[in-house]
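What follows is a set of notes on a single structure, which appears directly below.
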Amino acid sequence: MDDRKQSFAKMRDYRIAAGLFESAFEACKRLSSEDRQSLLTKIEKQCSRHPPTAQPKQYKTVEIIGIEIKQSS
């Protein structure tokens, strides 16, 4: 699969997932407080079973080559 098709597939999957979450939360507004809390607890448990797979941040190395100090008169 070329990069363009792969990118489109990822964006499509993201939009589908985002739409499903949006629909679920809209439906959740119509539930009783107890049912809403139960559903949100189930969502929380599912999320904790599938942690994000984001890459850790890459930090840049900085090299200090000197310090300049200026005195004001």
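No value in this document is a laboratory result; all are computed from the given coordinates. The model shown is predicted, which means the values in this text are computed figures rather than measured ones. Every residue, glycine among them, receives a Cβ derived from its backbone with ideal geometry; neighbour counts consider all protein chains shown.
Some observations on this one:
- The C-alpha radius of gyration of the stretch 3-49, expressed as a fraction of 2.2 N^0.38 Å, stands at 1.51.
- With Cα atoms, 0 to 90° folded angle of helix 33-49 axis to the chain main axis: 50 degrees
- Seen against the Cα atoms of the chain and their longest principal axis, helix 3-29 is set at about 60 degrees.
- Rounded to the nearest 500, the helix-only mean residue ellipticity at 222 nm of the chain stands at -21000 deg cm²/dmol, with each DSSP H run of n ≥ 4 adding -39,500 (n - 2.57).
- Within straight-line reach of residue 42, meaning a Cα separation under 20 Å, sit the following aspartates and glutamates at least 8 residues removed in sequence or on another chain: 22, 26, 34.
- Point-to-point label distance, residue 18-residue 39, nm (Cα→Cβ direction, 7 Å offset): 2.1 nm
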